[in-house]
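A.B. asks: Provided herewith is a single structure, encoded as C-alpha cells, for subsequent inquiry.
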Amino acid sequence: MTCRDNSDLSPDQPVYWRDRWEKGVTPWDCGCAHPLLVHLAPRLPSGRALVPGCGSGYDVIALAKQDPARQVTGLDLSELACKRGESMRDEAGLSSKQVQFIEGDFFKFDYEEPFDLVYDYTFFCALPPHLRKQWAARMAELVKPSGILFTLMFPVRDSGTGAEGGPPFSVSHEAYASVLEPAGFKLLECGDVPSAYRRPKTPSPGAELYGLWQRVGA
Ligand SMILES: C[S@@+](CC[C@H](N)C(=O)[O-])C[C@H]1O[C@@H](n2cnc3c(N)ncnc32)[C@H](O)[C@@H]1O
C-alpha cells in the first residue's frame, strides 16, 4: 500500500486526503473493524467515544454495536468517508443519536464536552511527524481526565520517526510515548497485537502494537 504517490500534495493538507477519497485510492481500507478493537471493546469505557480519521467508519460502528450506551462520533476530513459511515450506520439499524459522523479537521472541530474514550488507528501515522506534538496536545483536550486513549500503532518500524516511510509515516511505541507522556497521559497497558487479532493486511508480528493510555490530572 502506498500513500504518498500520485501528486505534489502533502498529508498535512486536507485536499490530499479528500483527493484520495474522491479518486478511490484508499488502500488502508480493509472493509472491516479491527479485530483487536472488537475483542477489547467490552473493556473500554462507555459514554462518549471519538474515532478521529475514521475513514469508512467500521470501527465507529463496532464500538457502538458493542455497547448501546456508548455514543460514538466518527470524524474525518472527507465528506465521502462520512457518507459511507452514515450508510453503514443506517444499514446496521443504529440511530443518529448514538452514532454521528462529522466532516471536520481533528485539530479544529468543535465538540460539546471531552470524551471518555478516543480510539486512534492509522490516524497518527497519517499525520506528518512535525504535527505529533500537536496531536498529543489535542488528545489531552479531547480525552476527559481519567478517560482512555486507545492507540493501535501501525506501521511500526525501527525509529518510528516517519523517515522510513510508512505508509505514510512510520511509527514506534517511543514516538507515541514521547509526545503523550509530556501531554499528561500514563500508559496502562501495551503489547504486540496478537496474531489472532491482526487485520488481514497487516504483514508481520511487531508491525502493529496497541497501547491503552489514561489521561491523568483534573
Ligand atoms: C490512513 S487513513 C485511515 C482510515 C481509518 N482509520 C481506517 O483504518 O480505515 C487516514 C484517515 O484520516 C483522515 N484524516 C487525515 N487528516 C485528518 C485530519 N486532520 N482530521 C480528520 N481526519 C483526517 C483521512 O481523510 C483518512 O480517511
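A.B. asks: Applying a 10 Å radius around every beta-carbon, put 56-63, 43-50 in order of their mean neighbour count, most first.
C.D. replies: Values: 56-63: 24.5, 43-50: 18.6.
Highest to lowest by the protection proxy: 56-63, 43-50.
A.B. asks: What FRET efficiency do you get for Q134 and E103 if R0 is 25 Å and r is their Cβ-Cβ distance, rounded to the nearest 0.05?
C.D. replies: 0.80
A.B. asks: Less than 17 Å apart at the alpha-carbon level, and either on another chain or at least 8 residues along: which lysines does that give for K144?
C.D. replies: Partners found: K186.
A.B. asks: Let me ask something else. Which residues' amide hydrogens lie under 5 Å from the amide hydrogen of G147, considering only partners 5 or more residues apart or on another chain, with H built in the peptide plane?
C.D. replies: Those lying under 5 Å, H to H, from G147 are R215.
A.B. asks: Express the carbon and sulfur contribution to the solvent-accessible surface of the chain as a percent, rounded to the nearest whole number, probe 1.4 angstrom.
C.D. replies: The C+S portion of the solvent-accessible surface of the chain is 51 percent.
A.B. asks: Compute the relative contact order of the chain as a whole-number percentage, counting only Cα pairs closer than 8 Å that sit 6 or more residues apart in sequence.
C.D. replies: 19
A.B. asks: Would you pull out the residues with amide H under 5 Å of Q71's amide H, same chain only if 5 or more places away, H placed 1.01 Å from N?
C.D. replies: Amide H neighbours of Q71: G47, R48, A49.
A.B. asks: Between R43 and A92, how high is the FRET efficiency from 1/(1 + (r/R0)^6) when r is the Cβ-Cβ distance and R₀ = 25 Å? Nearest 0.05.
C.D. replies: About 0.70, to the nearest 0.05.
A.B. asks: Okay, moving on. Please report, in whole Å, how far the alpha carbons of segment 30-215 spread along each principal axis, starting with the longest.
C.D. replies: 43, 33, 30
A.B. asks: At q = 0.11, 0.12, 0.23 Å⁻¹, what is the base-10 log of I(q)/I(0) for segment 1-121 according to the Debye formula with one equal point scatterer per Cα and no solvent? Please give it to two decimals.
C.D. replies: -0.36, -0.43, -1.38
A.B. asks: Calculate the tail of P(r) for segment 39-96: the fraction of all Cα-Cα distances greater than 18 Å, expressed in %.
C.D. replies: 27
A.B. asks: Using DSSP, restrict attention to beta bridges with both residues in the chain and report what percent are antiparallel, rounded to the nearest 5. Present the calculation step by step, with values, prior to reporting the outcome.
C.D. replies: Details: 13 of 32 bridges.
Bridges in the chain are about 40 percent antiparallel.
A.B. asks: Per residue, how large is the accessible surface of segment 1-150? Use a 1.4 angstrom probe and give square angstrom.
C.D. replies: Averaged over the residues of segment 1-150, the accessible area is 44 Å².
A.B. asks: About its Cα centre, what dipole magnitude does segment 30-215 give when the only charges are +1 on Lys and Arg Cβ and -1 on Asp and Glu Cβ, stated in debye to the nearest 20?
C.D. replies: Its charge dipole is roughly 220 debye.
The values are calculated or read from the model by the stated rules, or taken from the named source; none is laboratory data. Just so you know, these numbers come straight off a predicted model, no measurement behind them. Every residue, glycine as well, gets a Cβ built from its backbone with ideal geometry; the counts of neighbours run over all protein chains shown. The area values use the complete protein model at the heavy-atom level, side chains included, leaving out ligands, DNA and RNA. Shrake-Rupley method; radii C 1.70, N 1.55, O 1.52, S 1.80 Å.
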